[in-house]
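Notes to accompany the following structure.
The values are calculated or read from the model by the stated rules, or taken from the named source; none is laboratory data. Everything numeric in this text was worked out from a predicted model, so none of it was measured. As a convention, Cβ positions derive from the backbone with ideal geometry for all residues, glycine included, and neighbour counts pool all protein chains shown. Just so you know, the surface numbers come from the protein's heavy atoms only, side chains and all, with ligands and any DNA or RNA stripped out. Shrake-Rupley method; radii C 1.70, N 1.55, O 1.52, S 1.80 Å.
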Amino acid sequence: MGQILTKSMDLDNYRSDQIKIEALDPSERRIRMINDMAIVTVKIKLKGKYMEHHLDENLQYLRVWTQEGDDWKVIAGSAARI
């Protein structure tokens, strides 16, 4: 929807049922490792609802992960309609 969300805002959307996912079909996942970081892209066919908007979209997701000890954490991400 073109919004920039903080991690807290994103999690609140899920907790409050603002986001309801009916179907999620991933494809074309790519992972590129650079030192202690992973750059992940994946195409997703998503069906569901966000607030009052019905979704039936093809999306390209990007996530940048960093390793901290044994844990991996997302440090950046985006999604775009394709």
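Just to be sure before I move on: is N58 surrounded by 12 or more Cβ atoms within 10 Å (Cβ to Cβ) and modelled with pLDDT under 90 in the structure I sent? Criteria not met by N58.
Among the residues of segment 4-35, the ones that are assigned to a strand (DSSP E or B), open to solvent by less than 70 Å² (accessible area, probe 1.4 Å) and over 21 Å from W72 (Cβ atoms) come to 3 in all.
The set of residues in segment 36-55 being modelled with pLDDT under 95 and open to solvent by 40 Å² or more (accessible area, probe 1.4 Å) consists of D36, K49, M51, E52, H53, H54.
Does K73 fit the bill of being part of a strand (DSSP E or B), open to solvent by less than 80 Å² (accessible area, probe 1.4 Å) and not hydroxyl-bearing (S, T, Y)? For K73, the condition - part of a strand (DSSP E or B), open to solvent by less than 80 Å² (accessible area, probe 1.4 Å) and not hydroxyl-bearing (S, T, Y) - is not met.
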